[in-house]
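What follows is a short report on a single structure.
The values are calculated or read from the model by the stated rules, or taken from the named source; none is laboratory data. All of these numbers come straight from a predicted model, not from anything done at the bench. Every residue, glycine among them, receives a Cβ derived from its backbone with ideal geometry; neighbour counts consider all protein chains shown.
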Amino acid sequence: MHSSARFLIEFGAIILALGLLGRFAARFQFSPIPLYLLAGLAFGEGGLLPLGTSEEFVAIGAEIGVILLLLMLGLEYSASDLVSNLKTQYSAGLVDAALNALPGAAMALLLGWGPVAAVVLAGVTWISSSGVIAKVLGDLGRLGNRETPVILSVLVLEDLSMAVYLPIITALLAGTGLAAGSLTLAVALGAAALVLIVAVRYGRHISRFVSSDDPEKLLLVVLGLTLLVAGLAQQLQVSAAVGAFLVGIALSGEAAEGAHNLLSPLRDLFAAVFFVFFGLHTDPASIPPVLLPALALAVVTAGTKIATGYWAARRAGISAKGRWRAGGTLVARGEFSIVIAGLAVTSGIEPSLGPLATAYVLILVIVGPLTARYTEPLATLLTGRLRKPAPASDTADSGLESVAEEPHEVG
């Protein structure tokens, strides 16, 4: 068969399969990410139907998928919102990092993978999935709840941390020395600070320059600018993903809204290709040996995420029910855990890291929506059983206080 015909058949079959898997996931109201990962496992080495000519194109599509994921994430936040979150919620970000990154680092060291793999696995267990969590909040009708801003603040701080974290692991995986790694981090921090300053002071001018009433022109300018900045960032050893994230932050107003609407289908397409690509580089036979460590890590970090959300919501004055809902919602891991693990897989530092990350994400991307839905009623049931029955008058007062405490909670 001619190579171009074979490429079209293979790539067309992949896209068609992803579309059908996405429809299946939507029908049963769960994230399609685990299905995309499983599809990659099926098409990769050791799978049911290994790819041939289309793998190189899938690799390029996967890189574009990461760039678009971070761009769209940046479009969700304005520079002023980010600065405000840094000032008011930084302590929640520190607690989040400590509780959720340390278990990943400890697991890597216990498995004898070394300090570089420990830093990578710390990021895998630290970052929640903004995409999955946003969908869950919408599906459960909780966008107007009092705890939702707390959840979003934690996610924003995690996303901001990516701008610092990704250059660090890029330098570590590249094996650069202390001086070169410090220079890379300094460039990344300088670029992030510069973009934030420019976005705050001149964001309107940049958005006006990019904005256009013609969707075609807007799409071409935003996509071209993003790929250009991502490439320059990659050339500076900063990370293409960070460059795309900073472009998204710099855009605001009508330009950001228009770009978001136009790029969402492209983001979904290439993000799906990215998950398939990650699965392609994971041999299914390598997952069973790491399944128990992945399960143990999932149990521990599900608990630490619930604790993170509970603490942050309590600090913000949210009621007990809202605290449990916030904790349960943050459990899901997904796209960014795979992005981080993908960098390690490409560098080849530890063969078992990719399979463990795949199994870990598969577990928590399925469990996450369940904890978001059931953590609060389960916690209420358990704590209710532990409490001693109160007099009728006290119970009535408690109910009135509970209603007054949560006037805006609808989910």
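The residues listed here are G368, G354, G328, G334; of these, the one that is at pLDDT 90 or above, under 27 Å from V66 (Cα atoms) and either of a type in the set (V, I, T) or crowded, with 17+ Cβ neighbours inside 10 Å (or both) is G328.
Per-residue answers, yes or no, for (1) farther than 21 Å from L94 by Cβ; (2) touching a Cys at 6+ places or on another chain (Cβ under 8 Å); (3) surrounded by 24 or more Cβ atoms within 10 Å (Cβ to Cβ):
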| site | (1), (2), (3) |
| --- | --- |
| V300 | no, no, no |
| I306 | no, no, no |
| A312 | no, no, yes |
| A316 | no, no, no |
| W324 | yes, no, yes |
| I338 | yes, no, yes |
| T346 | yes, no, no |
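Looking only at residues of region 24-55 that are surrounded by fewer than 19 Cβ atoms within 10 Å (Cβ to Cβ) and assigned to a helix (DSSP H, G or I), we find that the one that is modelled with the lowest pLDDT is E55. Of all residues in region 226-244, none satisfies being farther than 26 Å from A332 by Cβ, surrounded by fewer than 17 Cβ atoms within 10 Å (Cβ to Cβ), at pLDDT 80 or above and touching a Ser or Thr at 6+ places or on another chain (Cβ under 6 Å). Does any residue of region 85-94 turn out to be in a helix (DSSP H, G or I), surrounded by fewer than 20 Cβ atoms within 10 Å (Cβ to Cβ) and modelled with pLDDT of 85 or more? Yes, some residue in region 85-94 is in a helix (DSSP H, G or I), surrounded by fewer than 20 Cβ atoms within 10 Å (Cβ to Cβ) and modelled with pLDDT of 85 or more.
Has region 140-157 got any residue that is modelled with pLDDT under 90, β-branched (V, I, T) and either more than 30 Å from Y374 (Cβ to Cβ) or not in a helix (DSSP H, G or I) (or both)? No; the residues of region 140-157 include none that is modelled with pLDDT under 90, β-branched (V, I, T) and either more than 30 Å from Y374 (Cβ to Cβ) or not in a helix (DSSP H, G or I) (or both). Quick test for you: out of L400, L381, L386, pick the one residue that is at pLDDT 85 or above, out of contact with any helix residue (DSSP H, G or I) (no Cβ under 9 Å at 6 or more places or on another chain) and surrounded by fewer than 23 Cβ atoms within 10 Å (Cβ to Cβ). Going through L400, L381, L386 in turn, the sole match is L381. Which one of these does G112 not meet: (1) part of a helix (DSSP H, G or I); (2) modelled with pLDDT of 90 or more; (3) surrounded by fewer than 23 Cβ atoms within 10 Å (Cβ to Cβ)? Result: G112 passes all but (1). The residue that is surrounded by the most Cβ atoms within 10 Å (Cβ to Cβ), counting only those in region 134-162 that are touching a Leu at 6+ places or on another chain (Cβ under 7 Å) and closer than 21 Å to G342 by Cα, is D159.
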